[in-house]
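These notes concern the structure reproduced below.
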Amino acid sequence: MNLYVRNNKFWFELENLTRLFFPNEKINVFKDDSALELPYICAEQGENITVSVRIGGFEAAKSAPVSSDDGENELSMVKLLYVILRDFSGVDQPWGLLTGVRPIKLLRRVREELGEAAVERRFLDDYFVSPEKLSLAMMTEEHEQRIISLSRPESFSLYVGVPFCPSRCSYCSFVMSSVERAKKLIQPYTDLLCEEIKATAQIASDLGLRPESVYFGGGTPTTLSAEQLDKVLGTVNSSFDLSSCREFTVEAGRPDTITAEKLYSLKENKVDRISINPQTTNDEVLRAIGRRHTAEDFFRAFALARECGFNNINTDLIAGLPADTPESFARSLDDMLRLEAECVTVHTLCMKRASTLTQDGKTLNREEAAAAREMLAYAKKRLTESEYIPYYLYRQTRMVGNLENVGWSKRGCESLYNVYVMDETHTILACGCGGVTKLKNQQTDYLKRIFNFKFPYEYIDRFDEILKRKAEIQGFYGKSTIE
């Protein structure tokens with residue numbers, strides 16, 4: 001698809017919107033007066049805002065008046081394109097023309113800027129969001145508010161990344177290393193990670209920052225041995241003042257990494273929330289996505305975690321997986337409810353370019369989109385009936401059906417860290433591979449990012465650079481206050 005953007009700077013939103021309707025095609029963007037080549041979308045600003053489209057035998061054009069407000073011009077142009085592509089495809093996108101990651105944050109901003117009465121009008125009439133998704137967004141925003149209100153100007157959250165997994169799932173695009181390929185790197189990585197944690201803790205202490213939550217992600221942190229886990233978790237506990245910490249989460253996502261010894265290590269190190277993620281309890285689907293465990297392995301791991309005293313367990317499911325069906329997904333969700341998992345995070349399959357599925361030629365299609373929407377509708381119905389609440393929500397590009405990921409929980413069991421990250425509430429200090437420190441100025445909402453290396457071998461070989469980058473934290477707070 002050829003996208004021509006003339007006399008305006010709205011190419012980013014126009015390209016993302018075009019991708020919603022043509023998810024499997026390359027979008028060629030031209031920001032000049034190049035000659036139009038079929039098939040094309042042409043969005044130009046002159047005396048009027050005009051969008052014209054020619055695709056095969058379909059041809060349409062729509063116009064709107066130019067405003068003195070660039071933001072209104074952008075919205076007008078995107079609305080025109082959405083309406084034309086909706087007419088062309090016959091598809092109403094559930095989130096309308098929204099393509100951003102954080103619709104809940106957008107909803108909150110609209111409410112603050114325009115008032116409560118304007119929220120529905122803006123989302124339904126201007127953004128073309130479906131009533132069902134607006135209702136979900138408003139419920140989520142309400143539950144987020146309580147968690148956000150806990151944060152103080154001096155608050156931060158700690159992220160610790162462990163980039164190792166037993167194997168790579170076919171849908172995964174994260175930078176991680178399988179144990180077989182990276183076994184020799186795990187111990188040196190663990191040793192250096194502890195050094196970074198100590199350095200970060202000292203900086204936080206010097207700046208008077210207070211930890212609200214700790215989150216171990218990856219990868220799969222429980223790929224580490226019990227001894228390695230104990231060392232890293234113990235370093236966090238001994239280096240940071242956790243007296244104000246409200247939550248300590250570890251992703252124990254892969255059931256095939258969980259042992260009683262590791263679970264007891266987590267408990268002894270003050271971890272009070274874990275994730276055990278089946279993604280599905282259909283063994284055929286597990287094989288299709290490259291998981292090396294069975295549904296029974298998941299059930300055993302979950303029961304073991306209960307025996308070891310964990311009373312806040314999250315379970316992830318993914319709607320739209322290869323070989324899955326609405327009926328099979330429904331059984332998986334019902335299994336989570338039968339187990340009375342405190343949190344059930346319902347993801348939608350995302351076809352990232354770096355994933356094995358995409359590289360093997362898997363594409364998005366309308367039938368799979370319809371199935372995924374049916375799966376999420378069932379999840380919302382059953383979880384709501386079972387008194388779970390939606391407490392955070394985010395979206396990604398190239399999601400099946402242009403849907404969303406939602407964290408559902410029993411009241412009081414929500415993951416604070418997930419909300420803080422999605423809302424960008426406060427500073428996130430990150431340690432380990434792939435970690436991104438996000439420093440927030442509470443007065444201006446300005447965010448500064450500091451990136452760690454993505455690959456374990458880079459992290460190990462260039463660790464001195466990691467520590468040097470930490471100085472940027474002090475520089476940031478030297479120029480901005482937390483009071």
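The values are calculated or read from the model by the stated rules, or taken from the named source; none is laboratory data. If you're wondering where the values come from, they're calculated on a predicted model, not measured in any experiment. Reconstructed Cβ throughout: ideal geometry from the backbone, glycine too, with neighbour counts over all protein chains shown.
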Verdict on TYR159 being out of contact with any strand residue (DSSP E or B) (no Cβ under 9 Å at 6 or more places or on another chain) and either modelled with pLDDT under 95 or under 30 Å from GLY320 (Cα atoms) (or both): no
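Tell me the residue from ARG122, ARG152 that is assigned to a loop (DSSP other than H, G, I, E, B), at pLDDT 95 or above, over 22 Å from the mean Cα position of the chain (by Cα) and basic (Lys, Arg), please.
Numbers: ARG122 fails: assigned to a loop (DSSP other than H, G, I, E, B).
On inspection, the qualifying residue turns out to be ARG152.
Sort out which residues of segment 380-392 are surrounded by 23 or more Cβ atoms within 10 Å (Cβ to Cβ) and either under 14 Å from LYS133 (Cβ atoms) or over 12 Å from the mean Cα position of the chain (by Cα) (or both), and write them in order of number. First the steps, then the outcome.
Within segment 380-392, the subset surrounded by 23 or more Cβ atoms within 10 Å (Cβ to Cβ) is 388, 390-392.
Across segment 380-392, the qualifying residues are TYR388, PRO390, TYR391.
Only strands (runs of 3 or more DSSP E) wholly contained in segment 222-341 count here; list those with 1 or more residues that are within 23 Å of VAL400 (Cα to Cα) and in contact with a Gly (Cβ under 9 Å, 6 or more places away or on another chain).
Hits in segment 222-341: 313-319.
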Single residue of THR358, THR345 found to be modelled with pLDDT of 95 or more and hydroxyl-bearing (Ser, Thr, Tyr): THR345
Hits in segment 411-448 (condition: surrounded by fewer than 18 Cβ atoms within 10 Å (Cβ to Cβ) and under 17 Å from the mean Cα position of the chain (by Cα)): GLU424, VAL436
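Looking at segment 390-410, which of its residues are part of a loop (DSSP other than H, G, I, E, B) and either among the acidic types (Asp, Glu) or farther than 17 Å from MET336 by Cβ (or both)?
Result: ARG395, GLN396, THR397, ARG398, LEU403, GLU404.
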Failed condition for GLU387, given (1) closer than 22 Å to GLY218 by Cβ; (2) part of a loop (DSSP other than H, G, I, E, B): (1)
Long-range neighbours under 6 Å by Cβ, at least six apart or interchain, first residue in contact (Cβ under 8 Å) with a residue 24 or more places away in the chain within segment 119-142, second of a type in the set (Val, Ile, Thr) and assigned to a helix (DSSP H, G or I): ALA137/ILE104; THR140/ILE104; GLU141/ILE104
Residues of segment 14-51 satisfying the condition of being closer than 20 Å to SER68 by Cβ and surrounded by fewer than 19 Cβ atoms within 10 Å (Cβ to Cβ): GLU44, GLY46, GLU47, ASN48, THR50
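When the residues of segment 393-410 are filtered to those that are among the polar types (S, T, N, Q) and more than 9 Å from the chain's Cα centre (by Cα), which remaining residue is nearest to ALA370 (Cα to Cα)? Please lay out each step first, then the result.
Kept after step one, since they are among the polar types (S, T, N, Q), are these residues of segment 393-410: 396-397, 402, 405, 409.
If we keep only those that are more than 9 Å from the chain's Cα centre (by Cα) as well, we get 397, 402, 409.
Details: THR397: 17, ASN402: 10, SER409: 25 Å.
This residue is ASN402.
Going by the structure shown, is ILE49 out of contact with any Pro (no Cβ under 7 Å at 6 or more places or on another chain), outside the structural domain of ASN402 (by TED's automatic domain parsing) and not in a helix (DSSP H, G or I)? If you could, list the steps in order and put the result at the bottom.
Working: out of contact with any Pro (no Cβ under 7 Å at 6 or more places or on another chain): yes; outside the structural domain of ASN402 (by TED's automatic domain parsing): yes; not in a helix (DSSP H, G or I): yes.
In short, yes.
Conditions (1) out of contact with any Leu (no Cβ under 9 Å at 6 or more places or on another chain); (2) at pLDDT below 95; (3) in a loop (DSSP other than H, G, I, E, B), marked per residue:
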{"site": "GLU13", "(1), (2), (3)": "no, no, no"}
{"site": "LEU17", "(1), (2), (3)": "no, no, no"}
{"site": "LEU20", "(1), (2), (3)": "no, yes, no"}
{"site": "ALA43", "(1), (2), (3)": "no, no, no"}
{"site": "GLU72", "(1), (2), (3)": "yes, no, no"}
